[in-house]
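Pasting in a structure now, in structure tokens, and then I'll have a few things to ask.
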Amino acid sequence: MPNKAGLTTHSLADRLKKRSQLVQTLRAFFYARSVTEVDTPILSAAGVPDVHLHALSTEVRLPGEAQRQRFYLHTSPEYPMKRLLCAGSGDIFYLGKVFRDGDLSPRHQIEFTMLEWYRIGFSMFDLMEEVAGLLKTVLGDLAVESISYQDAFRRYAGVEDIFTASAETCRAVLKAHQVADVVGVDADDKALWEQLVLTEVIEPNLGLVEGKMGITLLYHYPARDAALAQLCEDDPQVAERFEVFVNGMELANGYHELADADTYRQRFEASLAQRAELGLPSVPLDENLLQALEARPLPDCSGVALGVDRLFALQQALNNIQQGMAFGIQQA
């Protein structure tokens, strides 16, 4: 008899076995490279200030405290992993659950599985190569292409220089590609219109190499989208950040990691200010991370986070990542 996901008992068992094999393959990839698996806390007293990430929270009763204390479920293991790196952990990876509120679609679940790893002494391009190697291990010998953010706009949107292009130019691209009008957006909000061109016009072409499923590595995002990536020394208008796409689906997001504690605080506080402008709740900053960075700077490294459920969906040709899970949020 089919369950709520439309799977029979036989097909469910087969799907679970294949997912287990994927997890074994991922771990074996890192064990073979002497990368240490680490466990990090799911709960944190600090939140994530990024305006695009919405953390779930709960209240915890701690002995000796009169009031319940608010803790946040992690949206990624990034902050504690960076504390471990500062303490001398060496190369590390995490494979486990994370939580992000507000997203539920064929490509999103509230609770999902993330693979995140950090490689000391790796440049952004070194890590891009390793990500492609991991994906080939799982998905087969796919063709790989690397393209800069700037060149992607030139190739797929016909915008010669997106860094100097206007909001009007971006709106014209959307109209030319018959993207439906967006209501309530400032006509001069260049960053937002640019983002719409990226998601609606460019990204559907990524991860398709010569018309077949492949791996596209999109790199050198605008400095404003650096998050916690370093800026390029020879071109400070771009960040040493990359994303990975397969068959039009974003799989991973990586950086040449920012190391300076003062810059971390500046970027965190800028995100808090942006949250306030957007009417989003403030969150406490991770002072433990900031103190760790001040005491012993992050070693030169690059890191990346990859969505395991999306990877499994691609491997098994599933239309919805929930089909590859034992339970989605609506069956929990």
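The values are calculated or read from the model by the stated rules, or taken from the named source; none is laboratory data. In this text the structure is predicted, and so the values were computed from the model without any measurement. Note: ideal-geometry Cβ built from the backbone for every residue, glycine included; neighbour counts use all protein chains shown.
Return yes or no: is VAL283 β-branched (Val, Ile, Thr) and closer than 25 Å to ILE42 by Cα?
Spelling it out, VAL283 is indeed β-branched (Val, Ile, Thr) and closer than 25 Å to ILE42 by Cα.
Anything in region 194-246 that is of a type in the set (Val, Ile, Thr) and surrounded by 17 or more Cβ atoms within 10 Å (Cβ to Cβ)? List them, or say none.
Within region 194-246, VAL197, VAL201, ILE202, ILE215, THR216, VAL238, VAL244, VAL246 qualify.
Let me ask something else. Determine, yes or no, whether PHE122 is in contact with a helix residue (DSSP H, G or I) (Cβ under 8 Å, 6 or more places away or on another chain) and part of a loop (DSSP other than H, G, I, E, B).
Spelling it out, PHE122 is indeed in contact with a helix residue (DSSP H, G or I) (Cβ under 8 Å, 6 or more places away or on another chain) and part of a loop (DSSP other than H, G, I, E, B).
Pull out all pairs, ordered by first then second residue, where Cβ-Cβ is under 8 Å, the residues are six or more apart or on different chains, the first lies in region 169-193 and is in a loop (DSSP other than H, G, I, E, B), and the second is basic (Lys, Arg).
ALA187/ARG171
Taking VAL131, is it of a type outside the set (Gly, Ala, Ser), touching a Phe, Trp or Tyr at 6+ places or on another chain (Cβ under 9 Å) and more than 25 Å from ASP91 (Cβ to Cβ)?
No.
Between a first residue in region 269-283 that is farther than 18 Å from LEU192 by Cβ and a second residue that is surrounded by 13 or more Cβ atoms within 10 Å (Cβ to Cβ) and hydroxyl-bearing (Ser, Thr, Tyr), which pairs have beta carbons less than 8 Å apart while being 6 or more apart in sequence or on different chains?
VAL283/TYR72
Then there's this: As an exercise: evaluate SER20 against (1) in contact with a Pro (Cβ under 9 Å, 6 or more places away or on another chain); (2) loosely packed, with under 14 Cβ neighbours inside 10 Å and give the number of the one condition it does not meet.
Of (1) in contact with a Pro (Cβ under 9 Å, 6 or more places away or on another chain); (2) loosely packed, with under 14 Cβ neighbours inside 10 Å, only one is false for SER20: (1).
Out of region 250-275, which residues are surrounded by fewer than 20 Cβ atoms within 10 Å (Cβ to Cβ) and among the aliphatic types (A, V, I, L, M)?
ALA259, ALA261, ALA270, LEU272, ALA273
Something else now. Residues that are under 19 Å from GLY133 (Cα atoms) and under 19 Å from the mean Cα position of the chain (by Cα): list the helices (runs of 4 or more DSSP H) wholly contained in region 217-332 that include at least 1 such residues.
The qualifying helices (runs of 4 or more DSSP H) are 308-316.
Exactly one condition in (1) farther than 16 Å from PRO204 by Cα; (2) touching an Asp or Glu at 6+ places or on another chain (Cβ under 8 Å) is not met by ASP181; state its number.
Every condition holds for ASP181 apart from (2).
Something else now. In region 24-49, which residues are of a type in the set (D, E, K, R) and either over 19 Å from LEU85 (Cβ atoms) or exposed (fewer than 12 other Cβ atoms within 10 Å of the Cβ) (or both)?
ARG27, ASP39
Give the residues of region 290-322 that are of a type in the set (S, T, N, Q) and either surrounded by fewer than 21 Cβ atoms within 10 Å (Cβ to Cβ) or closer than 20 Å to TRP117 by Cβ (or both), sorted by residue number.
Once the filter is applied, which keeps residues that are of a type in the set (S, T, N, Q) and either surrounded by fewer than 21 Cβ atoms within 10 Å (Cβ to Cβ) or closer than 20 Å to TRP117 by Cβ (or both), region 290-322 yields GLN291, SER302, GLN315, GLN316, ASN319, ASN320.
Could you list, in sequence order, the residues of region 114-138 that are acidic (Asp, Glu) and within 14 Å of ASN253 (Cβ to Cβ)?
From region 114-138, those acidic (Asp, Glu) are 116, 126, 129-130; that's our starting set.
Of everything in region 114-138, just one residue is acidic (Asp, Glu) and within 14 Å of ASN253 (Cβ to Cβ), namely GLU116.
Still on this structure, please answer the following. From LEU84, LEU95, grab the single residue that is assigned to a strand (DSSP E or B), in contact with a strand residue (DSSP E or B) (Cβ under 9 Å, 6 or more places away or on another chain) and under 24 Å from PRO299 (Cα atoms).
LEU95
Now for a different question. Test each condition in (1) modelled with pLDDT of 95 or more; (2) touching a Ser or Thr at 6+ places or on another chain (Cβ under 7 Å); (3) crowded, with 19+ Cβ neighbours inside 10 Å for LYS97 and report the one that comes out false.
(3)
Follow-up question, since we're still on this one. Could you tell me whether THR9 is at pLDDT below 95 and either among the aromatic types (Phe, Trp, Tyr) or surrounded by fewer than 17 Cβ atoms within 10 Å (Cβ to Cβ) (or both)?
So THR9 fits the description; yes.
Is there a residue in region 55-76 that is assigned to a loop (DSSP other than H, G, I, E, B), surrounded by 18 or more Cβ atoms within 10 Å (Cβ to Cβ) and free of Cβ contacts under 8 Å to residues at least 40 places away in the same chain?
Within region 55-76 (the criterion being assigned to a loop (DSSP other than H, G, I, E, B), surrounded by 18 or more Cβ atoms within 10 Å (Cβ to Cβ) and free of Cβ contacts under 8 Å to residues at least 40 places away in the same chain), the answer is yes, since at least one residue qualifies.
Here is a follow-up. For region 24-38, how many residues meet the condition of being part of a loop (DSSP other than H, G, I, E, B) and out of contact with any helix residue (DSSP H, G or I) (no Cβ under 8 Å at 6 or more places or on another chain)?
Of the residues in that region, 4 qualify.
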